[in-house]
Amino acid sequence: MKNKYPHALFGNGPKPTHPIAKERLKFINTFFCIDGGADKLVEMGYSPDLILGDLDSIDKKNKYNCDIIYLEDQAKNDLEKSISWCVDHGIKELELFGFSYGRDDHHLANLLIMKDFSKKIKIKMYTDNSLLLFVNTYSTFSSKPNQKVSIFSYNQETKITTTGLKYALKNSSLTSPSHGISNLATGKNFSIKSTDWVLVIIQYYR
(Lines give C-alpha, C1' and ligand atoms only; values in the text may rest on other atoms or scores of the structure.)
Protein backbone atom coordinates (compact mmCIF):
# COMPACT_ATOMS: atom_id res chain seq x y z
CA MET A 1 0.00 0.00 0.00
CA LYS A 2 1.26 3.45 -0.86
CA ASN A 3 1.55 5.53 2.29
CA LYS A 4 2.77 9.04 1.58
CA TYR A 5 1.40 12.33 2.88
CA PRO A 6 -0.91 14.10 2.25
CA HIS A 7 -3.53 11.40 2.94
CA ALA A 8 -7.18 11.74 2.00
CA LEU A 9 -10.21 9.74 3.05
CA PHE A 10 -12.72 9.81 0.20
CA GLY A 11 -16.35 9.10 1.11
CA ASN A 12 -19.41 7.89 -0.74
CA GLY A 13 -21.21 11.22 -0.58
CA PRO A 14 -21.59 13.67 -3.46
CA LYS A 15 -18.40 14.13 -5.46
CA PRO A 16 -16.60 17.44 -4.86
CA THR A 17 -17.52 20.08 -7.42
CA HIS A 18 -16.13 23.32 -5.95
CA PRO A 19 -12.86 24.38 -7.63
CA ILE A 20 -11.03 24.68 -4.30
CA ALA A 21 -11.91 21.14 -3.19
CA LYS A 22 -11.16 19.74 -6.65
CA GLU A 23 -7.83 21.56 -6.79
CA ARG A 24 -6.84 20.20 -3.39
CA LEU A 25 -7.35 16.64 -4.65
CA LYS A 26 -4.46 17.17 -7.08
CA PHE A 27 -2.03 17.39 -4.14
CA ILE A 28 -3.13 14.20 -2.39
CA ASN A 29 -0.55 11.41 -2.53
CA THR A 30 -2.48 8.60 -0.81
CA PHE A 31 -6.21 7.98 -1.25
CA PHE A 32 -8.06 5.88 1.33
CA CYS A 33 -11.61 5.29 0.13
CA ILE A 34 -14.74 4.27 2.00
CA ASP A 35 -16.80 1.71 0.08
CA GLY A 36 -18.46 3.30 -2.96
CA GLY A 37 -16.24 6.34 -2.54
CA ALA A 38 -13.70 4.33 -4.52
CA ASP A 39 -16.01 4.33 -7.56
CA LYS A 40 -16.57 8.08 -7.29
CA LEU A 41 -12.85 8.72 -6.92
CA VAL A 42 -12.21 6.70 -10.10
CA GLU A 43 -14.88 8.77 -11.88
CA MET A 44 -12.88 11.87 -10.96
CA GLY A 45 -9.74 10.46 -12.54
CA TYR A 46 -7.89 9.21 -9.47
CA SER A 47 -7.04 5.74 -8.19
CA PRO A 48 -7.69 4.40 -4.68
CA ASP A 49 -4.67 3.18 -2.73
CA LEU A 50 -6.80 1.40 -0.11
CA ILE A 51 -10.51 0.71 0.33
CA LEU A 52 -12.07 0.53 3.81
CA GLY A 53 -15.58 -0.17 5.09
CA ASP A 54 -18.30 -2.81 5.24
CA LEU A 55 -18.21 -2.96 1.40
CA ASP A 56 -21.99 -2.74 0.98
CA SER A 57 -21.93 0.01 -1.65
CA ILE A 58 -18.85 -0.75 -3.70
CA ASP A 59 -19.07 -1.81 -7.35
CA LYS A 60 -17.91 -5.42 -7.13
CA LYS A 61 -17.26 -5.47 -10.89
CA ASN A 62 -14.60 -2.79 -10.66
CA LYS A 63 -10.97 -3.82 -10.46
CA TYR A 64 -9.19 -1.37 -8.20
CA ASN A 65 -5.67 -2.84 -8.04
CA CYS A 66 -5.41 -2.02 -4.34
CA ASP A 67 -5.94 -3.67 -0.96
CA ILE A 68 -9.49 -3.84 0.40
CA ILE A 69 -10.02 -4.04 4.17
CA TYR A 70 -13.35 -5.12 5.62
CA LEU A 71 -14.35 -3.19 8.76
CA GLU A 72 -17.15 -5.08 10.44
CA ASP A 73 -18.40 -3.15 13.53
CA GLN A 74 -22.03 -2.27 12.72
CA ALA A 75 -22.33 -0.09 15.83
CA LYS A 76 -20.18 2.54 14.09
CA ASN A 77 -20.51 4.15 10.69
CA ASP A 78 -17.83 3.71 8.03
CA LEU A 79 -16.24 7.10 8.67
CA GLU A 80 -15.71 6.37 12.35
CA LYS A 81 -14.33 2.89 11.62
CA SER A 82 -12.05 4.20 8.88
CA ILE A 83 -10.59 7.05 10.94
CA SER A 84 -10.03 4.60 13.78
CA TRP A 85 -8.15 2.32 11.36
CA CYS A 86 -6.01 5.26 10.25
CA VAL A 87 -5.18 6.17 13.87
CA ASP A 88 -4.27 2.55 14.64
CA HIS A 89 -1.92 2.53 11.66
CA GLY A 90 -0.04 5.68 12.61
CA ILE A 91 -1.65 8.20 10.26
CA LYS A 92 -1.18 11.66 11.77
CA GLU A 93 -3.08 13.86 9.31
CA LEU A 94 -6.16 13.19 7.17
CA GLU A 95 -8.19 15.24 4.71
CA LEU A 96 -11.84 14.29 4.15
CA PHE A 97 -13.70 14.59 0.84
CA GLY A 98 -17.12 13.31 -0.20
CA PHE A 99 -18.80 13.67 3.19
CA SER A 100 -21.15 16.60 2.45
CA TYR A 101 -24.26 14.48 2.75
CA GLY A 102 -27.74 15.82 2.11
CA ARG A 103 -28.90 14.05 5.27
CA ASP A 104 -28.53 16.25 8.33
CA ASP A 105 -28.07 13.31 10.72
CA HIS A 106 -25.12 11.98 8.71
CA HIS A 107 -23.46 15.38 8.51
CA LEU A 108 -23.88 16.02 12.25
CA ALA A 109 -22.53 12.56 13.06
CA ASN A 110 -19.49 13.22 10.87
CA LEU A 111 -18.72 16.48 12.67
CA LEU A 112 -19.01 14.79 16.06
CA ILE A 113 -16.71 12.02 14.85
CA MET A 114 -14.17 14.62 13.72
CA LYS A 115 -14.27 16.28 17.13
CA ASP A 116 -13.90 12.96 18.93
CA PHE A 117 -10.80 12.00 16.92
CA SER A 118 -9.18 15.43 16.75
CA LYS A 119 -7.10 14.75 19.86
CA LYS A 120 -5.57 11.73 18.10
CA ILE A 121 -5.28 12.82 14.47
CA LYS A 122 -5.33 16.14 12.61
CA ILE A 123 -8.45 16.17 10.39
CA LYS A 124 -9.73 18.63 7.81
CA MET A 125 -12.99 18.29 5.89
CA TYR A 126 -13.45 19.86 2.45
CA THR A 127 -17.10 20.35 1.49
CA ASP A 128 -18.48 22.19 -1.53
CA ASN A 129 -18.84 25.33 0.59
CA SER A 130 -16.16 25.38 3.24
CA LEU A 131 -13.11 23.98 4.94
CA LEU A 132 -13.96 22.58 8.39
CA LEU A 133 -11.56 21.64 11.18
CA PHE A 134 -11.21 21.52 14.95
CA VAL A 135 -8.39 23.34 16.76
CA ASN A 136 -7.44 23.71 20.41
CA THR A 137 -4.19 25.61 20.20
CA TYR A 138 -2.75 28.60 18.39
CA SER A 139 -3.49 28.18 14.68
CA THR A 140 -3.05 30.43 11.65
CA PHE A 141 -4.93 30.31 8.37
CA SER A 142 -4.61 31.88 4.95
CA SER A 143 -7.52 34.09 3.91
CA LYS A 144 -8.75 36.84 1.66
CA PRO A 145 -10.36 40.10 2.80
CA ASN A 146 -14.04 39.65 3.68
CA GLN A 147 -13.83 35.85 3.61
CA LYS A 148 -16.38 34.45 6.07
CA VAL A 149 -15.09 32.58 9.11
CA SER A 150 -17.29 30.98 11.79
CA ILE A 151 -16.19 29.64 15.16
CA PHE A 152 -18.21 27.28 17.34
CA SER A 153 -17.35 26.37 20.92
CA TYR A 154 -18.59 23.23 22.67
CA ASN A 155 -17.66 24.54 26.11
CA GLN A 156 -18.93 27.89 27.40
CA GLU A 157 -15.78 28.27 29.49
CA THR A 158 -13.50 28.17 26.43
CA LYS A 159 -11.49 31.36 26.04
CA ILE A 160 -10.75 32.46 22.47
CA THR A 161 -8.40 35.07 21.07
CA THR A 162 -8.36 36.01 17.40
CA THR A 163 -6.30 38.25 15.14
CA GLY A 164 -7.05 39.22 11.57
CA LEU A 165 -10.84 38.99 11.98
CA LYS A 166 -13.20 41.95 11.86
CA TYR A 167 -14.95 41.06 15.12
CA ALA A 168 -12.01 40.29 17.38
CA LEU A 169 -12.09 38.08 20.45
CA LYS A 170 -9.62 38.75 23.24
CA ASN A 171 -9.50 35.89 25.72
CA SER A 172 -13.28 35.84 25.50
CA SER A 173 -15.98 33.18 25.54
CA LEU A 174 -18.69 32.85 22.92
CA THR A 175 -21.81 34.03 24.71
CA SER A 176 -24.29 32.11 22.56
CA PRO A 177 -24.29 29.32 19.94
CA SER A 178 -24.49 31.92 17.14
CA HIS A 179 -21.98 34.38 18.58
CA GLY A 180 -19.11 33.19 16.40
CA ILE A 181 -20.98 32.94 13.09
CA SER A 182 -20.07 34.98 10.00
CA ASN A 183 -16.97 36.79 11.16
CA LEU A 184 -14.87 38.30 8.36
CA ALA A 185 -11.19 38.05 7.58
CA THR A 186 -9.53 41.42 7.17
CA GLY A 187 -6.45 40.39 5.22
CA LYS A 188 -4.28 37.56 3.94
CA ASN A 189 -4.31 35.55 7.17
CA PHE A 190 -5.93 35.25 10.57
CA SER A 191 -5.24 33.36 13.76
CA ILE A 192 -7.23 31.66 16.49
CA LYS A 193 -6.02 30.69 19.95
CA SER A 194 -8.37 28.73 22.21
CA THR A 195 -8.21 26.95 25.55
CA ASP A 196 -10.37 24.03 24.37
CA TRP A 197 -11.57 22.54 21.11
CA VAL A 198 -13.46 24.84 18.74
CA LEU A 199 -14.87 24.13 15.30
CA VAL A 200 -13.63 26.52 12.62
CA ILE A 201 -15.54 26.83 9.34
CA ILE A 202 -13.79 28.83 6.63
CA GLN A 203 -16.14 29.56 3.76
CA TYR A 204 -14.52 29.42 0.34
CA TYR A 205 -13.98 32.85 -1.13
CA ARG A 206 -16.27 33.32 -4.13
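How much length would be gained if the chain were fully extended between residue 139 and residue 161, taking 0.36 nm per residue of separation minus their Cα-Cα distance, in nm to one decimal?
Working: separation 22, 0.36 × 22 = 7.92 nm, distance 1.06 nm.
Separation in residues times 0.36 nm, less the Cα-Cα distance, equals 6.9 nm.
Considering only 127, 25, 183, and ranking their Cα positions along the charge dipole of the chain that arises from unit charges at the beta-carbon of Lys, Arg, Asp and Glu, the one farthest toward the positive end is 183. Entry note, the chain: relative contact order of 19 percent, from Cα contacts under 8 Å with a spacing of 6+ residues.
Largest accessible area first, the residues 44, 114 order themselves as 44, 114 under a 1.4 Å probe with ligands, DNA and RNA left out. Each Cα pair of the chain feeds into the Kirkwood radius, which the Stokes-Einstein equation turns, at 37 °C and 0.692 mPa s, into a diffusion coefficient of 184 µm²/s.
Using a simple charge model, +1 on the beta-carbon of Lys and Arg, -1 on the beta-carbon of Asp and Glu, nothing else, what dipole does the chain show about its Cα centre, in debye to the nearest 20?
1120 debye
The angle separating the long axis of helix 104-117 from the principal Cα axis of greatest extent in the chain is about 80 degrees.
So which of 40/81; 15/188; 92/188; 92/144 end up more than 25 Å apart by C-alpha?
Values: 40/81 20 Å; 15/188 29 Å; 92/188 27 Å; 92/144 28 Å.
Among 40/81; 15/188; 92/188; 92/144, the Cα-Cα distance tops 25 Å for 15/188; 92/188; 92/144.
Each DSSP beta bridge with both residues in the chain is either parallel or antiparallel, and the antiparallel ones are about 60%.
Note that the range 1-148 presents 52 Å² accessible area per residue, ligands and nucleic acids not counted, probe 1.4 Å. Using Cβ point charges alone (K and R +1, D and E -1), the dipole size of the range 57-123 about the Cα centre works out to roughly 140 debye.
Fully extending the segment from residue 74 to residue 176 would add 33.1 nm, taking 0.36 nm per residue of separation and subtracting the current Cα-Cα distance.
So if each residue of separation counts as 0.36 nm, and I subtract the Cα-Cα distance between residue 5 and residue 67, what length gain in nm does that give? Working shown, then result.
Details: separation 62, 0.36 × 62 = 22.32 nm, distance 1.80 nm.
Value of the extension gain: 20.5 nm.
The values are calculated or read from the model by the stated rules, or taken from the named source; none is laboratory data. Nothing here was measured: the structure is a model prediction, and the numbers come from that model. With ideal geometry, Cβ positions are generated from the backbone for all residues, glycine too; neighbour counts draw on all protein chains shown. Heads up: the accessible areas ignore ligands, DNA and RNA and are worked out on the full protein's heavy atoms, side chains in. Shrake-Rupley method; radii C 1.70, N 1.55, O 1.52, S 1.80 Å.
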